Amino acid sequence: MGSTGGAKPEALTIPEILEKCKDRWVAIEVTERDGNSQPVKGRVVEQEVDRYTLAEKTAKYGEVCIFYAGELQFRLLL
Amino acid sequence: MIPPTAAVETPFAKYPTVFSVLRGRNGAAREYPALIIPTSDYCVLPKVDAFNLGYPEAASVDERTPLPNTLTFASFNAYGRGTLIKIERVDIGSISVENVEFVAFDIFQTAGYDVVLGRSLLRHMRLELDFAAGRLRMEKVTAPR
């Protein structure tokens, strides 16, 4: 788990990333955006079950997009 | 009505979220699908990300000798403490806001979201949340409250 290796990973759509990295926190390099600058495609550069391990691994990146790729286990009460 | 200077309109699924880029004082940037919570006085980001954006003082809160910029807050179930920092710039599409106050605080990972956009940013916006249609619209206004 973690780094995707030496070769540059292929760019995937956000739904593809959600499917491929299910239930993990992912860091992507955004490769395509929509008219509102919202990410639509990206390369997964790191993925981890633990959010804080991911943050440590992404410290070396100048710019990266981070999100959880999974269904929430619980209802939100925020 | 104050005319907007920039606007973003985007769909959302269950919760109102929008991808937001936070640029720190070390020049690094982090982007997140940030949860919009208008009743939160401040925006929130994880402590470790605050550290990575150039705010090492946010990495830990010392209970005995808190920093002057330590914020005590009330949430729905407890009091909490976090370090108040100013993110150099927040970009949401064509909208840019500089020097936005964020509290470095760790929301439980199981929430699935750990970055919140609260009033410290939203006071610069006119915000429409259409839950029936699953769309949100943000407009930056020239004179924040």
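The values are calculated or read from the model by the stated rules, or taken from the named source; none is laboratory data. All values reported here derive from a predicted model rather than from experimental measurement. Glycine also receives a Cβ, built like all others from the backbone with ideal geometry; neighbour counts cover every protein chain displayed.
Overview of values
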item	result
Every residue from the stretch B:87-129 that is touching a helix residue (DSSP H, G or I) at 6+ places or on another chain (Cβ under 9 Å) and among the charged types (D, E, K, R)	B:101, B:106, B:114
Residues being farther than 22 Å from residue A:72 by Cα, within 10 Å of chain B (Cβ to nearest Cβ) and not charged (D, E, K, R) - total across the stretch A:18-40	4
Failed criterion for residue B:121 (all others in (1) farther than 20 Å from residue B:53 by Cβ; (2) in contact (Cβ under 8 Å) with a residue 24 or more places away in the chain hold)	(1)
Considering residues of the stretch B:1-56 that are in a helix (DSSP H, G or I) and not aliphatic (A, V, I, L, M) only, the residue surrounded by the fewest Cβ atoms within 10 Å (Cβ to Cβ)	B:56
Given (1) at the interface with chain A (Cβ under 9 Å from one of its Cβ atoms); (2) within 12 Å of the chain's Cα centre (by Cα); (3) closer than 22 Å to residue A:18 by Cβ, index of the condition residue B:20 fails	(1)
Residues satisfying the stated conditions in the stretch A:41-78, i.e. among the aliphatic types (A, V, I, L, M), over 17 Å from residue B:107 (Cβ atoms), in a strand (DSSP E or B) and within 10 Å of another protein chain (Cβ to nearest Cβ)	A:64, A:69
Some residue of the stretch A:10-17 being in a strand (DSSP E or B), more than 10 Å from chain B (Cβ to nearest Cβ) and at pLDDT 95 or above	yes
Matching option when the condition is touching a residue at least 40 places away in the same chain (Cβ under 8 Å), closer than 22 Å to residue A:74 by Cα and not basic (Lys, Arg), among B:141, B:103, B:115	B:115
Failed item in (1) at the interface with chain A (Cβ under 7 Å from one of its Cβ atoms); (2) over 18 Å from the mean Cα position of the chain (by Cα); (3) not hydrophobic (A, V, I, L, M, F, W, C), with residue B:11 passing the rest	(1)
Residue A:58 touching a strand residue (DSSP E or B) at 6+ places or on another chain (Cβ under 8 Å), farther than 19 Å from residue B:12 by Cα, in contact (Cβ under 8 Å) with a residue 24 or more places away in the chain and β-branched (Val, Ile, Thr)	yes
Among (1) without any contact (Cβ under 8 Å) to a residue 24 or more places away in the chain; (2) more than 9 Å from every other protein chain (Cβ to nearest Cβ); (3) closer than 26 Å to residue A:72 by Cα, the one test that residue B:76 misses	(2)
